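**Q** Supplied in structure tokens, the structure appears directly below.
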Amino acid sequence: MWKWWQLYYILQIFVLASERKSALDTPFNIMLLRAFREWSFNAFGWTGTEEKYLQIARKANKMQKIVPDDVPFPCNVTGGRSPKVPTSVHKLRPGDIDVIAAMGDSLTAGTGIFANNVLQVAVENRGVTAAGGGQGTWREYLTLPNILKEFNPNLIGYALGDSLTTHKAAQLNIAESAAVSADMPYMAEVLVKKIKKDPRIDLQKHWKFISLMIGSNDFCNEICWTSSPWSTLETHKTDLLKVLRTLRDNLPRTFVALILPPHLKALVDTRKGRSTFTCFVTTDVECSCLFGSSFRRFRPLYYNIMSQWQKLDMEIATYPEFQRDDFAVVSEPTLANITIPLALDGYADTTYLSSDCFHVTQKANALYANGLWNNLFEPVGAKTMTWETLFHKFHCPTPERPYLTTMLNSQQQSVNTKTVNAIRTRNIGT
């Protein structure tokens, strides 16, 4: 009888040894990966026992503190939706968004968010991911969809709970664990088809918000396998242009948030000090390019490539072809320079990390959601590039600045400290 870990390592070896090195590059790899994930999801999923596992995760301090019912939502939602549906993306208020979708990898898929052991990392807690989850409310799970629901309760598209992309509950959160940049053009085509086939969505009238973040698996499992690591940047540029053009040409009235992937030096730094044997094993497998002993001497090179990848994303987001009246791409850098908060002993606080020490917990997703929300109201060129204490800073639309920021409406206002401070900020003290 095969053990779970034997199957897991066989899968990883197959993926890394395959000619193209991407789990989603060939039909056979897709079949193998999805069969394994379906089996593991069913084997270790929490059907009927969710509350038990949530209690364990909360006791382990891996979840945000619940905001009491007597504490109001940080923003005044009056005026958060336009009196008349806007025709320009540059005049888009948060409540005008009718449809939300998410593309990306395991961070957006929710891998192991509530995991209490390595086995449970196989479960995708998609409903509480920062960019694409709408399970519960902002009081228990701060996510971008849960924030937007306060402005528009009729919002659709967010993931409803634990699910794979093949499950109905995933809705328009179509992120795939193990996905890399090369998988994004196909993922964009899938998303377009799902939106066009959804009877709830009026393609021409509804405003759509799509988040996209990709790169971590390229950094972890791609750059060390190519003869020219720098070539990954040009390949990514080609992939990203295909993605954005597919979305632009098929989805009118769309705001695309191009979220910069985190710089993974922060992940490497978590191994300093008190990392467990399990963490050593899992990170070596899941991120061999950065943790594998054969590649450690190349880390400075890889770190430089990660920084250039982030700059490339920001540059592409400014291309005039992606700044139309009914379609805009905006880079959101909230994760660009993140670090894992430190515990009292001075080492990385592992309550922000899942049981494999590679993925992150709900507590980290809440910080990510807070930062992403703030980015949406910060002028292009003056956006926060890291996360802060939860709810310490929570931007709100104001009569002076009611719209999600784009290149055009950012340029219409001076980008300085006074402008940034004009955004109403609330601290609810959690």
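The values are calculated or read from the model by the stated rules, or taken from the named source; none is laboratory data. Source: prediction; values computed, not measured. Positions of Cβ are generated from backbone atoms using ideal geometry, with glycine treated the same way; all protein chains shown enter the neighbour counts. To get the accessible areas, we keep the full protein, side chains included, count just its heavy atoms, and leave off ligands, DNA and RNA. Shrake-Rupley method; radii C 1.70, N 1.55, O 1.52, S 1.80 Å.
**Q** Where Lys and Arg each count +1 and Asp and Glu each count -1, what net charge lies around Asn409 among other residues with Cβ under 10 Å from its Cβ?
**A** On the way: positive: Lys91, Arg401; negative: none.
Charge balance near Asn409 sits at +2.
**Q** Using a 1.4 Å probe, what is the accessible area per residue for the range 143-201, in Å²? Before the final figure, lay out each step's value.
**A** Details: 2230 Å² over 59 residues.
Counting only protein heavy atoms, the per-residue value for the range 143-201 is 38 Å².
**Q** Given charges of +1 on the Cβ of Lys and Arg and -1 on the Cβ of Asp and Glu, with all other atoms neutral, how large is the dipole of the range 196-256 about its Cα centre, in debye to the nearest 20? Don't jump to the answer; show the numbers that get you there.
**A** Working: 10 positive and 7 negative charges, 106 e Å.
Roughly 500 debye, rounded to the nearest 20.
**Q** Now, a different point. How much length, in nm to one decimal, is gained on full extension between Ala382 and Lys52, taken as 0.36 nm per residue of separation minus their Cα-Cα distance?
**A** Extra length from Ala382 to Lys52 when fully extended: 114.5 nm.
**Q** Using packing as a proxy for protection, rank 166-173, 298-305 so that the peptide with the highest average count of other Cβ atoms within 10 Å comes first.
**A** Details: 166-173: 18.9, 298-305: 15.6.
By packing density, highest mean first, the sequence is 166-173, 298-305.
**Q** Continuing with this model, one more query. Starting from the Cα of Ile66, step 7 Å toward the Cβ, then list every residue of the range 126-141 with an amide N under 18 Å from that point.
**A** In the range 126-141, the label zone of Ile66 (backbone N under 18 Å from the point 7 Å along Cα→Cβ) covers 128, 135-141.
**Q** Where Lys and Arg each count +1 and Asp and Glu each count -1, what net charge lies around Ala364 among other residues with Cβ under 10 Å from its Cβ? Show your work: numbers first, answer last.
**A** Numbers: positive: Lys62, Lys363; negative: Asp349.
Taking every other residue near Ala364 into account, the sum is +1.
**Q** Let me ask something else about it. So how far apart, in nm, are the two label points at Lys265 and Leu342 if each is 7 Å from Cα heading toward Cβ?
**A** Using points 7 Å along Cα→Cβ, the separation is 1.6 nm.
**Q** Using heavy-atom solvent-accessible surface (probe 1.4 Å) with all chains present, what is the largest-first order of Thr232, Thr389, Thr278?
**A** Working: Thr232 25, Thr389 100, Thr278 60 Å².
Largest accessible area first, the list is Thr389, Thr278, Thr232.
**Q** To the nearest 10 Å², what's Lys52's accessible area with a 1.4 Å probe?
**A** Surface open to solvent at Lys52 totals about 120 Å².
**Q** Another question, if that's okay. Obtain the nm distance between the two label points defined at Thr166 and Asn76 by a simple spin-label model: each point lies 7 Å from its Cα along the Cα-to-C-beta direction.
**A** 5.0
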